[in-house]
Amino acid sequence: EIVMTQSPATLSVSPGERASLSCRASQNVNNNVAWFQQKPGQGPRLLIYGASSRATGIPARFSGSQSGTDFTLTISSLQSEDCAIYYCQQYNNWPLTFGGGTKVEIK
Amino acid sequence: EVQLLESGGGLVQPGGSLRLSCVASGFTFSTYAMGWVRHGPGKGLEWVSAISAKDESTYYADSVKGRFTISRDTSKNTLYLQMSSLRAEDTAVYYCAKRSSGWYGFFDYWGQGTLVTVSS
């Protein structure tokens, strides 16, 4: 099973500042990584797929990048509505696996 | 607009059974793979099961293999998850999700979830 390790567990960022969330895969997953945003009481929302492609309707302040088995989600200028838990997920191998999540809060 | 509406959750005793349903609309249900993902209390997201479009191949997490069965009825645009021998650790909000292709791919749309509580 591929383990997806997210860090940090919690990230406190001032409004307008940059937030960088990390996700490391335990083995090669090519670029088959997606990022999701989840707010309380809601289903997850797809932000990024293929490591760096933005999903339909996602604001340009969200971007994804990859370096080997390290993946990063960047929010270039944090807005209050971005407070949520963010999950990475690999869909390269069975079983599909998610990271443990990073909670983003406003400082 | 893609919509996924789950139902069937509730309170069930350990060892009991429950069937979840997910009615899909806004896309051609028969041509996309689908899946179930759960979110337990104090836990992260956990993939549960998936089913492909054409040949309906099925896949399960080890934690539910042999106890849960995923299926789909294209005439009703509905995805199902039959859960049996339920355990306390199966307590979670269960989400239905659409995959981006007929075989695999990422989950591009999700429902709002249905809560399953396993307790005596």
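Numbers below:
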quantity	calculated
Shielding score for B:102-113, defined as the mean number of other chain Cβ atoms within 10 Å	5
Cross-link table B:K76/B:K98; B:K54/B:K76; A:K103/B:K65; B:K54/B:K98, entries beyond 19 Å C-alpha to C-alpha	A:K103/B:K65
Chain A - Cys residues lacking any other Cys C-beta under 4.7 Å	A:C83
Calculated over the stretch B:1-101: convex hull of Cα atoms, volume per residue (Å³)	99 Å³
Within 10 Å of each Cβ in A:88-97, the average number of Cβ atoms from other chains	5
Per residue, the convex hull volume that the Cα atoms of the protein assembly as shown enclose (Å³)	112 Å³
Two-decimal Rg/Rh across chain A, once Rg and the Kirkwood Rh are taken from alpha-carbon atoms	0.94
Amide proton proximity set for A:N30, modelled H, under 5 Å, gap of 5+	none
Cα radius of gyration and Dmax for the stretch A:1-59 (Å)	13.0, 38
Eligible aspartates and glutamates near A:K107 by straight Cα distance, threshold 15 Å, same-chain separation 8 or greater	A:E17, A:E81, A:D82
Interchain or long-range residues, amide H under 5 Å from A:G50's placed H	A:V33
Threshold 40 Å², the stretch B:40-64 residues less accessible with all protein chains present than alone (1.4 Å probe)	B:L45, B:W47, B:Y59
Mean Cβ neighbour count within 10 Å, used as a protection proxy, ranking B:104-117, A:72-85 highest first	B:104-117, A:72-85
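The values are calculated or read from the model by the stated rules, or taken from the named source; none is laboratory data. Just so it is clear, the structure is predicted and the values come from calculations on it, not from any experiment. Note that we place each Cβ from the backbone using ideal geometry, even for glycine, and neighbour counts take in every protein chain shown. We work out accessible area using only protein heavy atoms, side chains counted, and drop any ligands, DNA or RNA first. Shrake-Rupley method; radii C 1.70, N 1.55, O 1.52, S 1.80 Å.
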